[in-house]
Amino acid sequence: MSRARQSYQGVALVAPTSIPYQRYSIDTAHFWIARALKGSLDAAGIAPADLDGFSAASFSLFPDTVVGLTQHLGLSPRWLDQIPMGGASGVVALRRAARAVQAGDADVVACVAGDTNHIDSFRQLLSSFSRFSQDAAYPYGFGGPNAVFGILTDHYMQTYGATREDFGRICVAQRTNALKNPGAVMTKPLSMDQYLAGRPISDPITLFDCVMPCAGSEAFLVMTVKEAEKRQLPYATVRGAIERHNAHADDPIQLRGGWTLDIDELWQMSGYSPIDMDLVQTYDDYPVISMMQIEDLGFCKKGHAGEFLCGKDMTVSGDFPHNTSGGQLSGGQAGAAGGFIGLVEAIRQVTGQAGPTQVKGAKRAVISGFGMVNYDRGVCTAATVIEGGGA
Amino acid sequence: MTDPIQPPPKKNPLNRSWVSTIPPAARSRAALGLTAAAAEGRFMLQVCADCGATQYPPRDACHKCLSIDLPWQDIIPTGELLAETTIRATTDIYFRDRLPWRAGTVRLDAGPPMICHIHGDVKPYARVRLINRLDRSGQGVILALPEKDTPNMADDPHLRAISSDPSHRRVLIVDGRNPNTPDFAKALKDAGAAMILIGLSEDWLPFQGRKALEDVGAQIIPLDVTDTKSLQRLAGEFGGKIDILINNARYIRPGGVIDRTDTNLAARELEVNALGLMRLAQALGPAMCSRTADGTNSAVAWVNILSAWALANEPSFGSFAASQAAALSLSQSLRAEFRASGLRLMNVFVGPTDDEWHQPLPPPKVTPAAIARDVVRGLHGGFEDVFCGDVAKDLNERFRRNPKVLEREMTGGGV
Ligand SMILES: [Zn+2]
């Protein structure tokens with residue numbers, strides 16, 4: 001296990017697309033995926049039939065898979081992938097697509113995530129999510145992820161002395177960011193007092209700690225830097241990327257994720273360190289998980305995220321821009337698209353295309369993913385460092 | 001401590017009854033091992049035969065060494081509550097009626113962490129005792145209890161939901177002439193039953209036990225499990241008031257197949273022991289199923305007293321044993337039919353009882369008081385299977401190990 005990873009040199013991320021989310025949709029995952037795919041292909045000037053690589057992530061495609069999508073959408077790729085990793089799917093899709101492009105197995109890979117949200121689909125998704133959840137989590141009150149993360153948040157607070165204000169700061173800052181993003185589901189400001197007065201959902205988690213399930217989609221394209229330059233597309237390069245699954249399985253409750261095993265390698269590959277980052281995109285299904293990532297990515301010591309963030313301004317104009325589009329907490333969680341939202345926004349940011357949420361002069365970003373509560377914790381973790389092209 | 005449950009007010013027949021719902025019931029095949037252990041109230045987990053790792057959630061292969069040999073073993077049920085939550089929102093209709101709901105993660109001293117129900121008297125981050133019980137869907141679930149008993153702890157909503165506690169409930173004991181009835185009536189009265197009805201067949205015949213039963217406050221009503229009409233009359237009058245039914249009707253005579261010359265006794269054995277169960281269930285089962293969510297005195301359990309010979313035939317009572325096997329098989333069907341309502345079916349398997357019919361058999365024999373104790377224990381635990389007395393327990397162990405070997409032993413092939 002000691003071989004050095006090869007670099008991601010020569011790989012470009014282009015054409016970031018986010019389709020504005022909706023609370024409920026009568027349309028299907030196919031519909032949402034098609035819209036994001038079209039957005040990215042149109043931006044790059046590629047016809048669907050000419051696309052030779054395709055990667056999809058979705059929870060609500062059933063009974064179809066990515067195979068059904070090729071016929072449904074008229075694609076004929078020579079490289080095809082499906083990423084069942086929820087919140088880690090964006091970074092993982094990027095990693096795989098980048099290697100396919102480097103190796104010449106595909107010229108252009110479209111990475112797309114999208115889900116619909118019908119009135120009853122969240123409950124249905126929950127009840128068939130995983131065998132361990134079915135056997136050993138749902139019979140205990142059927143609180144879904146809120147209950148698991150309620151337990152996890154209780155343990156984090158108990159172990160490290162974190163307070164509700166520590167979580168609130170993240171939620172309040174993201175809401176401020178979301179107000180600048182016309183695609184966000186949340187459109188009203190949120191104050192710390194409002195956060196603290198939120199209705200209890202699954203103690204100690206309250207209303208504003210939870211994401212709003214919704215429908216939406218996200219996409220980006222992976223191609224060579226040469227190809228991106230030929231097409232005159234603004235692009236980001238990949239400085240490094242890691243993923244890890246089922247790490248620290250003997251920890252009785254999750255306080256850290258698989259990043260801790262690979263993070264040194266990520267920073268080493270990238271040639272940067274945390275202080276060089278212009279923005280940070282964490283997977284924010286609950287604020288405690290963002291704090292866990294800020295620690296495990298190396299921004300501060302374990303258990304100190306509350307204290308660390310207390311001295312920071314996490315808005316797009318602040319000194320620690322975090323989840324600049326509002327993240328899922330204020331933007332909504334569109335199923336597997338929640339694993340793409342931070343990455344797609346970061347590609348916009350480092351290529352100067354973020355518009356109203358643009359962090360001034362942003363060139364470098366770290367993005368992390370966290371996915372799949374198979375039973376009592378998130379199993380999949382991933383992270384990447386990207387940089388605006390021509391830097 | 002838990003707030004004690006108050007006696008429920010009289011029901012207003014014009015109020016709508018709560019619709020019966022059950023908690024999420026889907027399980028993998030491996031997880032049914034937990035359910036099988038819960039049916040007897042045992043706390044068991046899979047332990048790897050190759051490396052000794054304890055597994056949870058239930059698996060098909062060891063998470064340490066990939067062995068597929070994962071036998072279920074009794075585990076010391078103690079641990080520490082590491083963290084908890086109180087669920088205040090859910091999309092599940094069973095739990096939505098019962099919020100808020102306390103759940104948490106307990107680290108078992110034997111190894112794995114487990115998400116479980118948390119009894120209201122457990123202090124945060126305290127040491128706990130774990131029990132494995134059937135929930136209303138009939139599946140095994142883990143509940144964390146305080147390390148030591150607390151006042152009124154049985155009245156905790158978590159525990160009340162998984163037990164078939166007789167307190168505040170109305171009980172029908174089917175056969176007043178069975179010698180075990182006085183002990184049943186007394187044990188249930190002591191367990192807090194609000195009303196005890198006792199069935200009496202051929203109630204024009206003299207009945208010496210009447211006064212003893214009336215002295216414990218029981219009400220004697222006509223009931224004959226071989227007479228469909230009498231059961232219909234009973235259902236009309238009492239169908240909506242029976243929360244626990246204890247079917248102790250029994251007809252027993254010695255003899256097997258060719259040592260009898262006709263089928264008359266066998267017909268009577270089946271008539272009472274097997275078809276009697278069926279008639280009772282047809283008359284009273286539907287009403288009980290419709291009342292499983294009916295507040296403090298909701299319908300909660302159906303109890304059959306069966307001979308352990310239902311599992312394997314004892315040839316000296318071969319024909320009777322066949323009627324018990326038939327009753328057991330019917331009870332499995334009935335249990336499945338009760339499933340959607342959450343009504344629990346409990347079989348109490350007893351060894352030879354201490355009465356005139358078992359006089360030729362050697363000890364140990366089960367006393368009526370012992371059966372009554374186990375009935376109440378089984379109701380408190382919400383069990384599906386209770387083995388009463390050493391003979392029944394021994395027979396169950398041997399049955400689990402090898403039914404064919406047991407058959408040969410029962411028919412005189414063993415030492
Ligand atoms: Zn093993």
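The values are calculated or read from the model by the stated rules, or taken from the named source; none is laboratory data. No experiment lies behind these values; they were computed from the predicted model shown. Reconstructed Cβ throughout: ideal geometry from the backbone, glycine too, with neighbour counts over all protein chains shown. Calculation scope for accessible area: heavy atoms of the full protein, side chains included, ligands and nucleic acids excluded. Shrake-Rupley method; radii C 1.70, N 1.55, O 1.52, S 1.80 Å.
Just a few scattered comments:
- For region B:71-79, the count of residues that are within 16 Å of the ligand (Cβ to nearest atom), within 23 Å of the chain's Cα centre (by Cα), at pLDDT 95 or above and surrounded by fewer than 18 Cβ atoms within 10 Å (Cβ to Cβ) is nonzero.
- Check on B:GLU84, open to solvent by 60 Å² or more (accessible area, probe 1.4 Å), outside any loop (DSSP other than H, G, I, E, B) and within 13 Å of another protein chain (Cβ to nearest Cβ): no
- Only listed residue being in contact (Cβ under 8 Å) with a residue 24 or more places away in the chain, more than 25 Å from A:GLN358 (Cα to Cα) and either open to solvent by 10 Å² or more (accessible area, probe 1.4 Å) or under 18 Å from the mean Cα position of the chain (by Cα) (or both), chosen from A:GLN22, A:GLN102, A:GLN71: A:GLN102
- The sole residue among A:THR153, A:THR187, A:THR159, A:THR176 that is β-branched (Val, Ile, Thr) and not in a helix (DSSP H, G or I) is A:THR187.
- Each residue in region B:34-70 was checked for being within 16 Å of the ligand (Cβ to nearest atom) and part of a strand (DSSP E or B), and 5 pass.
- From the list A:TYR140, A:TYR156, A:TYR160, the lone residue that is free of Cβ contacts under 8 Å to residues at least 40 places away in the same chain and within 13 Å of chain B (Cβ to nearest Cβ) is A:TYR140.
- Within this structure, A:ASP64 passes the test of being in the same structural domain as A:ILE83 (by TED's automatic domain parsing), open to solvent by 50 Å² or more (accessible area, probe 1.4 Å) and within 19 Å of A:GLN82 (Cα to Cα).
- A single entry from B:GLY111, B:GLY79 fulfils the requirement of being assigned by TED's automatic domain parsing to the domain that holds B:ASN132, farther than 19 Å from A:CYS210 by Cβ and part of a loop (DSSP other than H, G, I, E, B): B:GLY111.
- The lone exception for B:THR21 - which of (1) touching a helix residue (DSSP H, G or I) at 6+ places or on another chain (Cβ under 9 Å); (2) surrounded by 20 or more Cβ atoms within 10 Å (Cβ to Cβ) it fails: (2)
- Flag for B:PRO364 being in the same structural domain as B:ASN248 (by TED's automatic domain parsing), surrounded by 18 or more Cβ atoms within 10 Å (Cβ to Cβ) and of a type outside the set (S, T, N, Q): no
- Test: residue in region A:247-255 that is touching a residue at least 60 places away in the same chain (Cβ under 8 Å), more than 15 Å from the chain's Cα centre (by Cα) and not in a loop (DSSP other than H, G, I, E, B): no
- A:ALA336 vs. criteria under 17 Å from the mean Cα position of the chain (by Cα), farther than 25 Å from A:LEU233 by Cα and either outside the structural domain of A:TYR24 (by TED's automatic domain parsing) or not in a loop (DSSP other than H, G, I, E, B) (or both): yes
- Residues in region B:331-360 that are open to solvent by 40 Å² or more (accessible area, probe 1.4 Å) and farther than 12 Å from B:GLY389 by Cβ: B:GLN332, B:SER333, B:ALA336, B:GLU337, B:ARG339, B:ALA340, B:GLU356, B:TRP357, B:GLN359, B:PRO360.
- Residues that are at pLDDT below 95 and crowded, with 20+ Cβ neighbours inside 10 Å are absent from region B:321-330 altogether.
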